[in-house]
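**Student:** One structure, as structure tokens, below. Some questions next.
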Amino acid sequence: MFSIRGDSPASDSSPTPPSEGGGGGAKTAILFVLVIALIAATGYLFIQVTQTRSELAQTREALLDEISKIHETSAVSTQTSRRSVESLKSDVDAARRQASQLAGQAKIDAEKHAEELAANLQKVQQEQAQRVSAVSAEVSQVKDQASAANTKISEVSTDVGNVKTEVASTRSELEKTIAQLKATQGDLGVQSGLIATNGKELAALKALGERNYVEFRLGKTKGPQKVGDISVLLKKADPKTNRYTITVIADDKTVEKRDKTVNEPVQFMLAKASQPYELVVNDVKKDLISGYVAAPKVQQTRNQN
């Protein structure tokens, strides 16, 4: 790299042969270069070492942070697990304490619940087995309920059959009673409907539904008494002859019906009906009559010509 030249004195112009001193200068130059290279290498190594130390320090700090975080996480997890276990133990203890305070079947249920909580801490499979057992019991209970329901349905079917039989019997009796009823002519000369002579026959007429019926029981009073759409005043009642005399007030008109007999249809017209109303007395006692008023179902205004 370096060339060493010897400079001769100014007064001597002839070259001098190389001497041992010139070889020593070349070695010195080489040594000097090596020293510089060594210094440069040492400086580079020093820089590398410094940089490596810095990176190692950063790595060490990062590792310490990670280790610290791991310790904190581990501590939190351990504390959480400990709290969970303590909470479960507390629940078990509380359930057991509750079980010890209850009596009878309630105590048995509480103890069972406490044992189930303890079993949950020990074995999940045992809990599953208990659930399967409980489901089997519920299925059995549902079967029992279904069987009871079938029995109840059978009983209801029997009751329905009995009711149908009773309805058929009642209908037959009703038809027989209606067949025994008679129609007669009223005191206005209008053909009357069927006449009931007692409570049973009146019930049959009501079931037939052709007219509206209002029952009454009238004694002698100073003023008329309301019976459905009309008012009636009893003036005389003779149980010996089964005759009576009444005054009928309807549509602001007063009509006296004298010496009428038991089960005779007493007819009178109202403006709102095209058919006559009928009053039938079934029983006459001293100062007392009882019977019913039959009113047409169709209410309409008659032509006033």
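The values are calculated or read from the model by the stated rules, or taken from the named source; none is laboratory data. Since we're looking at a predicted model, the values are computed, not measured. Reconstructed Cβ throughout: ideal geometry from the backbone, glycine too, with neighbour counts over all protein chains shown. Surface accessibility is based on the protein's heavy atoms, side chains included, excluding ligands, DNA and RNA. Shrake-Rupley method; radii C 1.70, N 1.55, O 1.52, S 1.80 Å.
**Student:** Residues of the range 243-262 being surrounded by 17 or more Cβ atoms within 10 Å (Cβ to Cβ) and either acidic (Asp, Glu) or outside any strand (DSSP E or B) (or both), which ones?
**Tutor:** If the condition is that a residue be surrounded by 17 or more Cβ atoms within 10 Å (Cβ to Cβ) and either acidic (Asp, Glu) or outside any strand (DSSP E or B) (or both), then Val262 is the only one that fits.
**Student:** Going by what's in this entry, would Ser54 be described as modelled with pLDDT under 50 and of a type in the set (Gly, Ala, Ser)?
**Tutor:** The answer is no for Ser54.
**Student:** Suppose we keep only residues that are surrounded by 17 or more Cβ atoms within 10 Å (Cβ to Cβ) and either free of Cβ contacts under 8 Å to residues at least 40 places away in the same chain or not in a strand (DSSP E or B) (or both) within the range 216-241. Which one would you say is nearest to the chain's Cα centre (by Cα)?
**Tutor:** So, considering only residues that are surrounded by 17 or more Cβ atoms within 10 Å (Cβ to Cβ) and either free of Cβ contacts under 8 Å to residues at least 40 places away in the same chain or not in a strand (DSSP E or B) (or both), the one nearest to the chain's Cα centre (by Cα) is Gly228.
**Student:** Sticking with this one: Listed residues Gln304, Gln299; which is more than 18 Å from Thr197 (Cα to Cα), over 58 Å from the mean Cα position of the chain (by Cα), open to solvent by 50 Å² or more (accessible area, probe 1.4 Å) and modelled with pLDDT under 95?
**Tutor:** Gln304
**Student:** Another question about this same structure. Could you check the range 271-296 and list, in sequence order, the residues that are at pLDDT 90 or above, among the aliphatic types (A, V, I, L, M) and in contact with a Pro (Cβ under 9 Å, 6 or more places away or on another chain)?
**Tutor:** Leu279, Val280, Val284, Leu288, Ala294
**Student:** Please enumerate the residues belonging to the range 64-81 that are open to solvent by less than 100 Å² (accessible area, probe 1.4 Å) and farther than 30 Å from Leu121 by Cβ.
**Tutor:** Leu64, Asp65, Glu66, Ile67, Ser68
**Student:** Answer with yes or no whether Leu194 is assigned to a strand (DSSP E or B), touching a helix residue (DSSP H, G or I) at 6+ places or on another chain (Cβ under 8 Å) and at pLDDT 60 or above.
**Tutor:** Yes: the conditions hold for Leu194.
**Student:** Given (1) at pLDDT 85 or above; (2) in contact with a helix residue (DSSP H, G or I) (Cβ under 6 Å, 6 or more places away or on another chain); (3) open to solvent by 60 Å² or more (accessible area, probe 1.4 Å), where does Glu111 come up short, assuming only one miss?
**Tutor:** Failed condition: (1).
**Student:** While we're here: If you take the residues in the range 140-155 that are among the hydrophobic types (A, V, I, L, M, F, W, C) and open to solvent by less than 70 Å² (accessible area, probe 1.4 Å), which one is farthest from the chain's Cα centre (by Cα)?
**Tutor:** Selected residue: Ala148.
**Student:** Moving on. State which residue pairs qualify: first residue surrounded by 14 or more Cβ atoms within 10 Å (Cβ to Cβ) and inside the range 82-101, second residue acidic (Asp, Glu) and in a helix (DSSP H, G or I) in any location, beta carbons under 7 Å apart, and separation of 6 or more residues or different chains.
**Tutor:** Here the result reads Ala99/Glu111, each pair linking the range 82-101 to a residue that is acidic (Asp, Glu) and in a helix (DSSP H, G or I).
**Student:** Just to verify a result, which residue in the range 197-215, among those that are over 49 Å from the mean Cα position of the chain (by Cα) and in a helix (DSSP H, G or I), is nearest to Glu278 (Cα to Cα)?
**Tutor:** Leu202
**Student:** Are there any pairs, at least 6 apart or on different chains, whose C-beta atoms fall under 8 Å, with the first in the range 281-293 and outside any strand (DSSP E or B) and the second surrounded by fewer than 16 Cβ atoms within 10 Å (Cβ to Cβ) and not polar (S, T, N, Q), and if so, which?
**Tutor:** Qualifying pairs under 8 Å: Lys286/Pro239; Asp287/Gly219; Asp287/Lys220.
**Student:** Could you please give the count of residues in the range 268-281 that are more than 58 Å from the chain's Cα centre (by Cα) and either under 20 Å from Asn198 (Cβ atoms) or open to solvent by 40 Å² or more (accessible area, probe 1.4 Å) (or both)?
**Tutor:** So the count comes out to 2.
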